[in-house]
Amino acid sequence: MKISIIIPVYNEADGLSACLDAIERQTTKPYEVIVVDNNSDDGTDILAKRYNFVTLLKEPKQGVVHARTTGFNASNGDVIARIDGDTILPANWLSDLKKVFKDDENLDATSGLALYYGAAGADLINSLDLFFRRRLSRQLQDMCFLWGSNMAMRREAWHKVKDSLCQKGNQHEDFDIAIHLQQLGGKVTFNESLRANVSSRRIDVDFISFMHYVMISPSTYAQHKLRVKRYMYPVVLACAIGYLPGYILHKGYDPEADKFSFNRLFYEPTVGRVDPTANVA
């Protein structure tokens with residue numbers, strides 16, 4: 001089984017080295033690694049070129065949805081894996097992924113859980129995240145989600161669904177893949193054995209911006225006229241309640257000492273990423 005890894009990137013110079021180093025340490029090597037640069041101006045493309053196993057592509061049309069499509073279309077693996085530029089994969093991730101697809105020949109696409117780094121109290125955050133992902137996977141049933149930081153799909157499934165996908169902003173493009181694929185009869189699952197480390201920087205924005213991003217989840221289902229959008233509202237409420245403590249735990253985390261620091265809480269600059277649902281042409 002050949003596995004292609006696709007990484008759409010926009011200004012990811014700070015975290016991409018850790019991402020690519022983790023791929024280099026995989027016990028099972030990928031068939032190919034494709035980084036799709038989406039108009040970065042911080043040297044992301046220069047950094048990616050330093051890795052001889054990386055194929056660098058350019059996608060001039062702004063938006064992760066377009067960069068993703070360019071990478072997926074260019075891939076040649078039997079399975080197309082998708083991660084983000086701040087994803088740090090455990091060394092056995094590819095071998096676990098192969099097992100998932102070999103064990104279920106009917107599986108078209110799957111995604112795994114998040115292990116957040118860059119915040120104090122990460123174990124608690126990860127437990128809450130897992131609780132909601134488990135809950136949603138049960139409730140959504142045949143409209144299960146996909147999560148772009150840690151997902152994969154068979155090549156045949158991509159070519160089956162790609163022409164029906166939405167090519168716009170203000171929705172989660174990974175949810176969109178899952179919705180259209182399942183509407184075509186595909187099988188999508190949430191698999192806890194696929195673990196990926198992702199940055200907690202997603203919360204390093206103001207409350208309004210954070211909640212706008214969170215609300216895209218039910219909105220994506222609503223745009224597809226799916227009643228399962230109602231299952232996303234408890235997640236929205238939990239995110240609203242958890243924003244302030246989550247922001248404090250992220251902002252005050254000292255990675256060198258691996259503990260909370262009040263000095264960092266008040267003086268550390270914002271490093272949150274651009275909202276991928278809004279940064280679309």
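Values in this text are rule-based calculations from the coordinates and carry no lab data. What you see is a predicted model; the values in this text were computed from it and never measured. Neighbour counts are summed over all protein chains in view; Cβ atoms, including those assigned to glycine, are modelled from backbone coordinates with ideal geometry.
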- Message: Using 18 Å as the Cα-Cα cut-off, could you pick out the over-long pairs in Lys99/Lys187; Lys160/Lys225; Lys2/Lys187; Lys29/Lys99; Lys49/Lys168; Lys2/Lys99?
- Response: Lys160/Lys225; Lys2/Lys187; Lys49/Lys168
- Message: Once the cut-off is 24 Å, how many percent of the Cα-Cα pairs in the stretch 3-200 end up in the long-distance tail?
- Response: 36
- Rough spin-label spacing in nm, given labels placed 7 Å along Cα→Cβ, for Lys168 and Leu128: 3.3
- Over the chain: helical MRE at 222 nm, DSSP H runs n ≥ 4 each giving -39500 (n - 2.57), nearest 500: -12500 deg cm²/dmol
- Message: As a test of the definition: which semi-axes, in Å, follow for the stretch 85-230 when you take the square root of five times each eigenvalue of its alpha carbon gyration tensor? Largest first, please.
- Response: 23, 21, 14
- Within straight-line cross-link reach of Lys162, aspartates and glutamates at Cα separation under 15 Å, skipping those fewer than 8 residues along the same chain: Asp108, Glu173, Asp174, Asp176
- Query: Among Gln62, Leu181, Pro8, which residue has its Cα positioned farthest towards the positive end of the charge dipole of the chain, with +1 placed on the Cβ of Lys and Arg, -1 on the Cβ of Asp and Glu, and the dipole taken about the Cα centre?
  - Reply: Leu181
- Taking the Cα centre of each part, how many Å lie between the stretch 199-257 and the stretch 69-139? 18
- Query: So, with +1 on the Cβ of K and R and -1 on the Cβ of D and E, and no other charges, what is the size of the charge dipole of the chain about its Cα centre, to the nearest 20 debye?
  - Reply: 840
- Task: Before anything else, pin down the relative contact order of the chain: Cα pairs under 8 Å, at least 6 apart, normalised by residue count, whole percent.
- Result: 20
- Leaving out same-chain residues fewer than 8 places away, which lysines sit with a Cα under 20 Å from that of Lys259? Lys251
